[in-house]
Structures are given as C-alpha cells and as structure tokens.
Amino acid sequence: MEEKLSRRVGSWYRGATGVVAAEKLSGGASQETWRFDIVHPEGNFGAILRRAPDGHGAAPSRAAGLNAEARLMQLAFDASLPSPRVLHVLTPEDDLGVGFIMQRVDGETIARKILREVEFADARPRLARELGGVLAGIHSLPGTQLPELRRMTAAKELDESERDYRNLNWPKPVFELALRWLRDHDPGPPMEATLVHGDFRNGNLVIGPDGVRAVLDWELAHLGDPMEDLGWLCVNSWRFGEIDKPVGGFGSREELFAGYEAAGRRVDPTRVMFWEVMGTLRWGLMCGGMMQRFREGPDHSMERAMIGRRASETEVDLLGLLARRGS
Amino acid sequence: MQDEPTPIELTRAVADFLRGDIAPMISGHNAFKLRVAINILDLVTRQLTLEEASDAKEVERLASLLGMKGSVMELNRVLAQRIAKGEFDLSTTGLAEHLWQTTMDKLAIDQPNYASYRRELARDKGT
C-alpha cells in the first residue's frame with residue numbers, strides 16, 4: 001500500500017516525496033479505510049484513503065458510491081462546513097481501485113468518550129445547536145452541483161422497510177405497529193427535496209473540544225426530505241444512555257431546531273418526529289439484517305450475531321414513541 | 001431426563017472463568033472479542049433462566065387477546081397479521097399492555113442495561 005501510494009503521491013500533493021505509516025483502519029468485503037502520512041519537506045500531512053479494491057467496485061443499492069462521496073465532501077468543504085478536504089480521487093493510474101484520499105481530521109468519533117470525557121465538557125452543551133447549523137448548511141448545498149443520487153420519499157423508505165421486515169420472516173408485533181403508524185402518518189413529499197446526508201449521527205461526526213470538526217461517511221446520501229436527517233439524529237440508539245437529551249445525547253430538539261432555523265431554514269417538527277420513528281424502525285431492521293448476514297456468512301462473527309439481539313432496543317424505543325405510558 | 005449440572009450452571013461457569021481468569025491476561029482486539037463472547041454467554045444464561053416463564057405468560061396473554069390457542073410463534077404471527085391489516089391497534093383493549101410486557105421481557109434477556117429499558121423497569125416497580 002505504501003509503495004503504491006508513494007509512487008503517485010507527488011502528482012496530487014505538491015512537493016510530497018512519499019507516504020509512510022499506512023495502516024488499515026477498517027475493511028469489509030467491499031470497502032476499506034486506511035490512514036497514512038504524506039511525507040513533505042515542510043512537515044508530514046495526515047491523510048485517509050477510502051477505497052473499494054479492484055473487483056469490488058459495485059456498491060450496494062443504497063450506497064451513493066465513493067466518487068459521489070468524494071464530491072459531496074468537497075462541496076461541503078468548499079461551503080465552509082466541517083468536512084475534510086478531498087486531496088485526490090483515485091484514477092486507474094493509481095492502481096488502487098475506486099475511491100478517494102482526504103485530509104485526516106483530528107478528533108473523537110466515539111460517542112461514549114464525547115459524552116463523558118472532560119475535554120469535551122465545554123463543547124457538549126453547544127453541540128445540539130451547532131449540529132442544527134451544520135445540517136442546515138448541508139441542506140442548502142446547491143442542487144445543481146450535486147452528483148447523481150438516488151431520490152427517496154417517505155413512501156419509498158416505508159416500502160423498503162416493510163420488505164426488509166418481511167424478509168426477516170420473524171413476527172415482531174411492535175415493528176408491525178410502527179409500519180402501520182408510519183403508513184398512517186406519511187407526511188407526503190416535502191416542500192423542497194434537498195441533499196440528505198443519510199447517516200448524520202454519533203460515530204460519523206468528528207468532535208473536538210472546540211465542537212464539530214468534520215462530518216464523515218456520506219455513503220447513504222440521497223435526495224429527499226431534509227427533516228429525515230434531523231429525525232435520524234434524534235433516534236435513541238445514538239444517545240448512548242443520555243436518553244433525556246434526544247440530539248445524540250448532547251441536547252434538546254429545541255436547541256437543534258434553533259440552530260437549524262438560525263441558519264435560515266425552516267423546521268417541520270411533525271416531519272422530524274415521523275423520521276425519528278422511521279429511523280428507530282430502520283435501525284432495528286438493520287440489526288436484524290446484520291444477524292441474517294451472520295447466518296448466511298461470510299462474516300460469521302460474534303459481533304454481528306450479537307447485534308441481532310439489539311433489535312429489541314428499538315422495540316422499547318418505538319413503544320416509548322408510539323404508546324407512551326403515564327409517568 | 002438429563003443429569004445435572006444444568007445448562008445455566010454450565011454457561012455461568014464458563015463465563016465466570018473467561019471473565020475472571022482469561023480477560024485480565026489479554027488486550028487489544030482480542031480483549032474486545034472476549035468481552036463480546038462473555039456478553040453472549042451471559043445472554044444465553046439469562047435466556048435459559050427467564051424464557052420459559054416469560055413465554056408461558058406471553059402465550060396466555062396472546063390467547064386471551066386473540067381468542068385462540070397456539071404456540072408462541074403461531075400466536076405472534078397471528079397478532080402481527082392483525083396489526084398489519086389494521087384489525088388491531090393501540091385502541092384494542094390490552095394490546096398496548098401486552099406489547100409493553102412482551103418487549104420488557106425481551107430486553108430483560110437481550111440488553112438489561114439499556115437506558116430506556118431501565119427507566120421503564122423503574123416505572124413498573126413504582127420507584
């Protein structure tokens with residue numbers, strides 16, 4: 001890896017003489033993430049490679065694709081949103097498959113640390129509002145410059161959820177109740193379809209003591225209802241125990257909405273609630289999907305198996321949303 | 001009839017050994033994997049301990065809700081269908097209470113430390 005990167009680094013990073021300290025951070029069958037340092041006379045520069053190795057270029061149906069991800073990150077960076085700068089989009093000459101190289105942003109992505117460690121104490125109370133502003137910025141990125149993305153509606157998302165649920169072939173009355181509720185409360189097409197990040201939550205946000213430093217992982221980006229991102233961010237699964245702070249365990253919906261509206265966009269709280277219910281169900285279905293992949297291989301890992309037993313967390317949360325009991 | 005020790009005693013003994021004797025010896029990614037393995041054994045132990053009684057009560061509730069007899073799987077399939085068709089909803093007498101109890105019984109095995117489960121549990125106990 002270092003050799004391949006070193007061979008071409010001079011062509012996309014001016015003055016670079018090589019690449020060191022390449023280390024694979026994560027890798028599934030279809031995508032890998034590597035960290036490495038670009039060697040430069042003025043000092044080394046931290047970088048990240050996201051790539052689909054040769055022969056694994058085909059993206060799953062929901063994924064935007066790595067070239068689209070690179071384009072979106074660059075657009076976000078250009079709009080002064082917290083985003084890594086994209087340094088290079090891979091070409092056939094790189095001989096590294098499909099993907100891109102970006103600046104490595106220092107900070108923390110692990111929610112439990114961000115929610116508990118003292119170095120983030122000053123940032124935490126500000127994050128809900130700040131994230132509202134970042135989302136408003138993402139939703140305001142000019143449609144004409146966006147790459148080709150799939151178009152989603154509440155109705156399509158519901159159809160896919162129902163199909164995924166039926167595929168599990170395991171009766172879950174609470175999921176049935178949620179599907180029914182979602183059908184009955186489908187808000188219809190949004191006033192304005194915008195870019196939707198699709199996975200804007202703890203884990204995909206780089207946070208520093210100064211606040212949000214980068215939004216990562218645009219894999220699920222699509223065009224649709226901007227309120228989807230706000231609802232997904234409020235799903236209980238990303239609060240990591242801080243259940244009275246719906247926005248990622250950081251703060252209130254009101255703070256999120258205020259940050260969003262201060263950046264010049266309107267919030268529709270009814271739609272946000274719809275997408276929070278949808279998001280909770282979707283995460284439950286994703287837990288089930290990972291269990292299926294454990295069963296069918298090739299990833300026969302214990303972690304995948306155990307995630308199947310987290311679907312019930314979303315059931316208690318769905319009941320909390322739809323059938324709240326007296327306090 | 002099988003002899004003792006019971007499966008519960010066996011899984012618990014293995015989990016205790018891994019937790020007490022092996023975990024302190026390893027680090028890094030394997031320590032993470034070991035934690036997952038211990039969590040799995042703990043879950044299996046909880047299921048072996050709790051499932052029979054909670055399933056029996058669930059079947060009892062389902063039989064009374066649906067007015068029919070059957071296995072826990074059969075009755076859950078019927079309930080799921082009735083909700084999907086709109087024949088049962090939250091205004092159906094006893095449905096919300098049944099779903100809450102059933103879900104709480106799942107969490108007691110799957111993820112007893114999940115914060116929203118613990119809050120509901122405290123509510124049940126009136127504390």
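Would you be so kind as to identify which of A:Leu66, A:Leu216, B:Ile83 lies farthest towards the positive end of the dipole of the protein assembly as shown, taking Lys and Arg as +1 and Asp and Glu as -1 on Cβ and the Cα centre as origin? Most positive-ward Cα: B:Ile83. Given R0 = 45 Å, the distance between the Cβ atoms of A:Thr91 and A:Ala155 translates into a calculated FRET efficiency of 0.70. Local charge for A:Asp225 was computed over the other residues whose Cβ lies under 10 Å away, with Lys and Arg +1 and Asp and Glu -1, and equals -4. Output the 0 to 90 degree angle, nearest 10, between the alpha-carbon long axis of helix B:115-124 and the longest principal axis computed from the alpha carbons of chain B. The helix B:115-124 is inclined about 60 degrees to chain B. Taking θ as phi - 60° and the Karplus parameters 6.51, -1.76 and 1.60, the scalar couplings of the stretch A:137-149 work out to x, 4, 6, 9, 4, x, x, 5, 9, 6, x, 5, 9 Hz in sequence order, x denoting glycine and proline. Angle of helix A:269-296 to the longest C-alpha principal axis of chain A, folded into 0 to 90 degrees and rounded to 10: 70°. Relative to the longest principal axis of the Cα atoms of chain A, helix A:173-184 runs at roughly 90 degrees. Counting DSSP beta bridges with both partners in the stretch A:89-232, what percentage is antiparallel, nearest 5? Here the antiparallel bridges make up roughly 90 percent for the stretch A:89-232. Taking all Cα pairs closer than 8 Å and separated by 6 or more residues, the relative contact order of the stretch A:251-315 comes to 29 percent.
Can you give me the Kirkwood hydrodynamic radius for chain B, using every pair of distinct Cα atoms, in Å to one decimal? So the Kirkwood estimate lands at 17.3 Å. Looking at the protein assembly as shown, the DSSP beta bridges with both ends there are about 95 percent antiparallel. Legend: ranking of residues A:Tyr260, A:Tyr13 from fewest to most surrounding C-beta atoms inside 10 Å; resulting order A:Tyr13, A:Tyr260. Taking A:Pro84, A:Pro125, A:Pro92 as the candidate residues, the one with maximal mean-square fluctuation in a Gaussian network model of chain A, Cα springs under 10 Å, is A:Pro92. Of the residues A:Asn169, A:Gly288, A:Ser11, the one whose Cα sits farthest toward the positive end of the charge dipole of chain A, with +1 on the Cβ of Lys and Arg and -1 on the Cβ of Asp and Glu, is A:Asn169.
Think of each Lys and Arg Cβ as +1 and each Asp and Glu Cβ as -1; about the Cα centre, that makes the dipole of chain A roughly 420 debye. This ranking places B:Lys106, A:Lys156 by how few other beta-carbon atoms lie within 10 Å of each, fewest first, which gives A:Lys156, B:Lys106. Counting only Cβ charges, +1 for Lys and Arg and -1 for Asp and Glu, the dipole size of the stretch A:15-103 around its Cα centre is about 340 debye.
Each Lys and Arg adds +1 at its Cβ and each Asp and Glu adds -1 at its Cβ; summed about the Cα centre, chain B shows a dipole of about 500 debye.
Structural descriptor for chain A: relative contact order 16 percent, calculated from alpha carbon pairs under 8 angstrom and at least 6 residues apart. Positive-end ranking of A:Pro92, A:Gly43, A:Phe77 along the dipole of the stretch A:15-103, with charges on Cβ about the Cα centre, is headed by A:Phe77. Cβ-to-Cβ counts within 10 Å put A:Leu87, A:Leu281, A:Leu216 in ascending order as A:Leu87, A:Leu216, A:Leu281, the fewest first. Amide H contacts of A:Leu90: A:Gly99, A:Phe100, A:Ile101, each under 5 Å away and 5 or more positions distant or on a separate chain (H built 1.01 Å from N in the peptide plane; Pro and chain starts excluded). Principal axis analysis of the Cα atoms in the protein assembly as shown yields extents of 76, 57, 44 Å, listed in decreasing size.
In order along the stretch B:7-12, phi translates into HN-Hα couplings of x, 4, 5, 5, 5, 5 Hz, rounded to whole numbers, per the Karplus curve 6.51 cos²θ - 1.76 cosθ + 1.60 with θ = phi - 60° and x for Gly and Pro. The 3J(HN,Hα) values that the Karplus relation (6.51, -1.76, 1.60; θ = phi - 60°) gives for the stretch A:206-213 are, in residue order, 8, 10, x, x, 8, x, 6, 9 Hz. Gly and Pro appear as x. If R0 is taken as 22 Å, the Cβ-Cβ distance between B:Glu51 and A:His185 corresponds to a FRET efficiency of 0.05. Restricting attention to the protein assembly as shown, the count of lysine pairs at 8 or more positions apart or across chains with alpha carbons under 26 Å apart stands at 23.
Note on the protein assembly as shown: helix-only mean residue ellipticity at 222 nm, from DSSP H runs of 4+ residues weighted -39500 (n - 2.57) and normalised by residue number, equals -16000 deg cm²/dmol.
Close amide H pairs (under 5 Å, H built 1.01 Å from N) link A:Gly203 with A:Ala111, residues at least 5 positions away or on another chain.
Laboratory data are not the source of any read-out in this text; all were calculated from the coordinates shown. Please read all numbers here as calculations on a predicted model, not as lab measurements. Reconstructed Cβ throughout: ideal geometry from the backbone, glycine too, with neighbour counts over all protein chains shown.
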